[in-house]
Each structure stands twice: as C-alpha cells, then as structure tokens.
Amino acid sequence: MLVLVAGVDGCVGVDLESGAFVRASYRRGGDSDADLAPFDVVVGEVATADEPPDVSRPETVTLAAPPRRTGYLTARKAERYLTPLHHPNRAPLLGFPGPTVPYWTLAGDRPSLTLVELVAGPQVRRVRWGWECRFPWHGARHAFPLTDARVTSLLDEVGWPRYSSRDLHRLLGYRTRRALVMLTPPRHGYCYKVVAALLPAG
C-alpha cells in the first residue's frame, strides 16, 4: 500500500495492486507505525474483522498487525497511482453537497474518501475547535476541518492564527496541489467531511 496519511488507529492509502483506496485499521504496535509518512510503501497481513463493515467507511480492511515499511515513492512516481483517483470535475465531493451527511442514509455503496486536485493552494486558519482548511474547487469554496496531525503539529509549533498557501509551501517544503477529503465515523448521527491530508504535487 502507498500511504497517504497515518493516524492513531491506522493509515489511509492506495492498494498498489488494484489501485483502489484502502483504510487500513490496526492496533498500534509501539512507535514503529507512528513514523509512517506520505508516499511510504508498506505491506501488511489482512485479518478477519471482528465487526461488520462500517457503511460510512466501506474501504476499511483490518490488519493483523501494524504494516511494515518496505520503501518510498517520490511524489513524481506516485502520480501514476494518484491521478486515476482524482474526484470527477463538477461532481459534489463524496457524492453529496454540504459538509455533513446523515449516517442512516449511507449504504456502503459509495466512496468515503477522494482526492481533490486543487486549482489554487489551500489556506488554513485556526478556529474554535482546531484547524480549518479552505480551498476553491469548481466554482465553490469549501471549508472543512483539517485532521492531518503531521501538518497541524507544525502549525501549532509556529503558532500563527492563519496560513496562506505561500506560508504552507514554506512550512511544509512543497506546493500542496492535492487534498485527501474523507468522511469521519458517525458523530451524533452524522458523518463529516474532513481534509485528512495535504499532499505534494508531482
């Protein structure tokens, strides 16, 4: 799997054999899996899931143990896997307008994550509940929570209340031209769109 973002309960990436998105869920095994970065290549053993599939995250697979890092792809080499996953132009992000969807309306038959090819660099600002990422996309301006812990830790360290796309370029060391947008697990009956990762252009 080509890792796009890693979190406390797993990672999200692309299956290099099928080209499909994967949410890999596993129990943390210490610090070894905490260091996964975008475009790391990992392997893992799929385990039998203890619970029925979550319709809000149909791409989820359960791993028997944290995945093992085997290599790394440059942003340019990752292009061949990422470009086919770009969200269709002018279609609502994740198939519905607005930032939330009622959990009871989901049937597990549509994607819960997508790659947005940005027409302009994103902007980030601090809000009451954390960080918010804003970006224009095909005539609409979107604003979703930013949950990329690798990025938000850098923002916290610098301490500014807002960051332009130029600020982000200097801070991250690359131009952000893709945003990984995905649904959260249900909270109070709703799933929310979040920006899970800000990824470099190839």
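For the chain, what is the relative contact order in percent, using Cα pairs closer than 8 Å and at least 6 residues apart in sequence?
Relative contact order comes out at 19 percent.
Given R₀ = 45 Å, FRET efficiency for D109-R68 by Cβ-Cβ distance, to 0.05?
It comes out at approximately 0.90.
Which shape class, rounded, prolate or oblate, goes with segment 95-202 when its Cα gyration tensor gives a ≥ b ≥ c as root eigenvalues, a/c under 1.5 marks rounded, and past that a/b bigger than b/c marks prolate?
prolate
What distance in nm lies between label points placed 7 Å from Cα along the C-beta direction at D15 and R175?
Output for this residue pair reads 3.3 nm.
Where does the chain land at 222 nm, in deg cm²/dmol rounded to the nearest 500, when only DSSP H runs of n ≥ 4 count, each adding -39500 (n - 2.57), divided by all residues?
-3500 deg cm²/dmol
Taking R0 as 22 Å, what FRET efficiency do you get between E117 and R187 from their Cβ-Cβ distance, rounded to the nearest 0.05?
That gives a FRET efficiency of 0.20.
From the Cα gyration tensor of segment 1-120, with a ≥ b ≥ c the square roots of its eigenvalues, which class applies: rounded if a/c is under 1.5, or else prolate if a/b is larger than b/c, or else oblate?
Since a/c reaches 1.5 but b/c is at least a/b, the shape of segment 1-120 is classed as oblate.
Note down the nm distance, to one decimal, between modelled labels 7 Å out along Cα→Cβ at R126 and at R141.
2.2 nm
Hey, rough spin-label estimate for K77 and R162, points 7 angstrom out along Cα→Cβ, what's it come to in nanometres?
For the pair K77/R162, the computed spacing is 4.0 nm.
Using a probe of 1.4 angstrom, how much of the accessible area of segment 45-202 is carbon and sulfur, in percent?
52 percent
The values are calculated or read from the model by the stated rules, or taken from the named source; none is laboratory data. Predicted model, so just to flag it, every value in this text is computed and none were measured. Note that we place each Cβ from the backbone using ideal geometry, even for glycine, and neighbour counts take in every protein chain shown. These accessible areas exclude ligands, DNA and RNA; they are computed on the full protein's heavy atoms, side chains included. Shrake-Rupley method; radii C 1.70, N 1.55, O 1.52, S 1.80 Å.
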